[in-house]
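Working notes for the structure below.
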Amino acid sequence: SFFFIVPFDSLLFLWFPDSSVQTLGLEVGINYGQIANNLPSPARVSYLLRSLNISRVKLYDADPNVLLAFANTNVEFIIGLGNEYLQNMTDPIKAQNWIQQRVQPYLTRTKITCITVGNEVYKTYDHQLWSNLLPAMQTVYNTLVNLGLDKQVTVTTAHSLDILSVSFPPSAGAFRQDLGEYLHGILNFHAQVKSPFLINAYPYFAYKDKPNEVPLNYVLFQPNQGTMDPNTNLKYDNMLFAQIDAVYSAIKAMGHTDIEVRISETGWPSRGDENELGATPENAGLYNGNLLRRIEEKQGTPAKPNVPIDIYVFALFNENQKPGPTSERNYGLFYPDGTPVYNIGVQGYLPELIYSSATTNNVRKAFLGILYLQSSGLGYSILNLLLKRCEFG
């Protein structure tokens, strides 16, 4: 065992229980949401993620503070254009202004590889948004082409799983009929520009809604009898892989076999309301820990065994200002102070993160001892400023 101490103003200590432990590495990404008023600064988050060897991050905006904090780190970013931007992004001039102001200035030092135009647009039932989505994606992409950035940055959007009308058996996966005309154009766009089809998939919701019908072990990647697809005779031992293959089947049913499906969000809440069955730290640890093991093993789905799944876990931190039920504020792997919400480090995917509230007092005592010896008023002032920075980040 050994300790690794991060910079003085972070107050974070990372403990690796075994020197042979492998951290997350390149195989998994993380969603970095910021709907909270108690999160650490982007600079501290940058250090935390790099110390965990996480090299892919998905944002829901293009926060310049985050992009600057990750400059020269080789961390790859997906940045987001919220649904409120869609109408403006159908205008080539407004799209170009946004890219030139919010993307282009950071590209020389921060690796921005993808822009998501909108998030779960078809969940809104706002038909104006539905109509604007594809034109906005096309305009943003054409702007990147005009600026010579399309080889660096691709364009996509993220969907919720309820765009499917049929999800089981996976081979019968189909999109909702009311979305057919919209998704046909979206899929043609993906095929043309070679960008991935993103899905936010949460087996937790299926279990919460029907706990008497959906086996908990099946959604948590725990040992179970599994289910068989009667059309293909493929066996599924977890719901997430079945959901991914259902999306592939739905895409194939619309005439495409060359579009990659990636999971832009998946996770499990560690707390919930009384009616949110299964939202516990134990289940969250099992879901994310077992999922990370599958990713490390480069597993593919039964229908795509040679295509390793590409996943962004939701989310980095608990976010205390998210609206909705309690679960919405409790998807984080970490509390805002840097402590893990539950322990999956013992499985070798995340090092255990220890936060010590006593650290500041110990540091203060040490420095005051030095100050006593030096008796320097100027030194006292400087060090006191450092201590304040230490305490308040």
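Based on Cα contacts under 8 Å between residues 6+ apart, the range 29-334 shows a relative contact order of 17 percent.
Where does the charge balance sit around Y236 when Lys and Arg score +1, Asp and Glu -1, over other residues with C-beta under 15 Å from its C-beta? With Lys, Arg at +1 and Asp, Glu at -1, the net is 0.
Applying the criteria of a DSSP loop state and at most 15 other Cβ atoms within 10 Å to the GluC sites (Glu not before Pro) of the range 290-327 yields E297. How many angstrom lie between the Cα centre of the range 225-267 and the Cα centre of the range 119-139? The range 225-267 and the range 119-139 have Cα centres separated by 24 Å.
Taking a ≥ b ≥ c as the square roots of the Cα gyration tensor eigenvalues, the range 236-349 comes out prolate, since a/c reaches at least 1.5 and a/b is larger than b/c. Expressed as a whole percent, the accessible area of the range 29-334 that falls on carbon and sulfur atoms is 47 (1.4 Å probe). Note on K235: lysines with a C-alpha under 21 Å away, same-chain residues under 8 apart excluded, are K252, K298, K304. What shape does the range 29-334 have by the C-alpha gyration tensor, where a ≥ b ≥ c are the square roots of the eigenvalues, rounded means a/c under 1.5, and otherwise prolate means a/b greater than b/c and oblate the rest? In terms of gyration-tensor shape, oblate.
Please tell me which of these pairs span more than 28 angstrom C-alpha to C-alpha: K94/K151; K58/K210; K58/K151; K58/K194?
Check vs 28 Å cut-off fails for K58/K210.
Of the GluC sites (Glu not before Pro) found in the range 111-214, the ones in coil according to DSSP and having at most 16 other Cβ atoms within 10 Å of their Cβ are E213.
The values are calculated or read from the model by the stated rules, or taken from the named source; none is laboratory data. Since this is a predicted model, take the numbers as computed values, not measurements. Because the Cβ atoms are built from the backbone with ideal geometry, glycine has one as well, and the counts that use them run over all protein chains shown. Surface areas here come from the heavy atoms of the whole protein model, side chains and all, with no ligands, DNA or RNA. Shrake-Rupley method; radii C 1.70, N 1.55, O 1.52, S 1.80 Å.
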